[in-house]
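**Q** One structure, pasted below without further comment.
No value in this document is a laboratory result; all are computed from the given coordinates. Owing to the predicted nature of the structure, the values given are computational and were not obtained by experimental measurement.
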Amino acid sequence: MFDHAPTLFRLAVRLTGSAPDAEDIVHDVFVKALAHFKAGSFRGDSSLLTWLYRATTNLSLDRLRSLKRRQHEVAPEPPTAGSPEAGVLLKELSDALAELPDDQRAAMVLKELQGLSTRETALVLERSEGATEQLLVRARATLRRRFEP
């Protein structure tokens, strides 16, 4: 289970834009998972990884909503890159993702950056595949408009 920590951390960072928040979220996910296992309440309706993705996504989106309520702006830190041009492009992409509605950003990060299938993304977001596809279509259209010359 703990082998998935780096993957869950990347997901949380991409959703929240904050490494310290992502660390807290991953910690909370594992505490929650262990509590479910000890209590015998993990039903196994989905795979463990899907459950961990769902918990990480939900806690990340909850953290964003909480921050928005407190009127703080969450600005994702751009990842370090080999060249200044790549750093600028990554910063622009991070900013564009941060401007998407929470559900669209979660769908894009899970599908395009984490590499989940549409079905897996739908399971994590607890939506139908069709609804997930619509989120992705809207998110891509918004990103396309932002980056068109």
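**Q** I need the phi-derived Karplus couplings for the stretch 23-32: 6.51 cos²θ - 1.76 cosθ + 1.60, θ = phi - 60°, integer Hz, Gly and Pro marked x.
**A** Result, rounded to whole Hz: 4, 4, 5, 4, 4, 4, 4, 5, 4, 5.
**Q** Right, something else. Whole angstrom only: what separates the Cα centroid of the stretch 105-149 from the Cα centroid of the stretch 1-24?
**A** The stretch 105-149 and the stretch 1-24 have Cα centres separated by 19 Å.
**Q** For the stretch 126-141, just list the computed ³J(HN,Hα) in residue order, Karplus coefficients 6.51, -1.76 and 1.60, θ = phi - 60°, integers in Hz, with x standing in for Gly and Pro.
**A** 6, 10, 6, 5, x, 5, 5, 4, 5, 4, 5, 4, 5, 5, 5, 5
**Q** Also, quick follow-up: Hey, what do the phi angles of the stretch 6-21 turn into as Karplus ³J(HN,Hα) couplings, whole Hz, using 6.51/-1.76/1.60 and θ = phi - 60°, x for Gly and Pro?
**A** Running phi through 6.51 cos²θ - 1.76 cosθ + 1.60 with θ = phi - 60° gives x, 5, 5, 4, 4, 4, 5, 5, 5, 7, 9, x, 9, 5, x, 5 Hz.
**Q** Could I ask something else about it? Starting at 0 and stepping by 10 Å, how many percent of the alpha carbon pairs of the stretch 85-149 end up in each bin?
**A** Spelled out per bin, shortest first, that is 23, 51, 23, 4.
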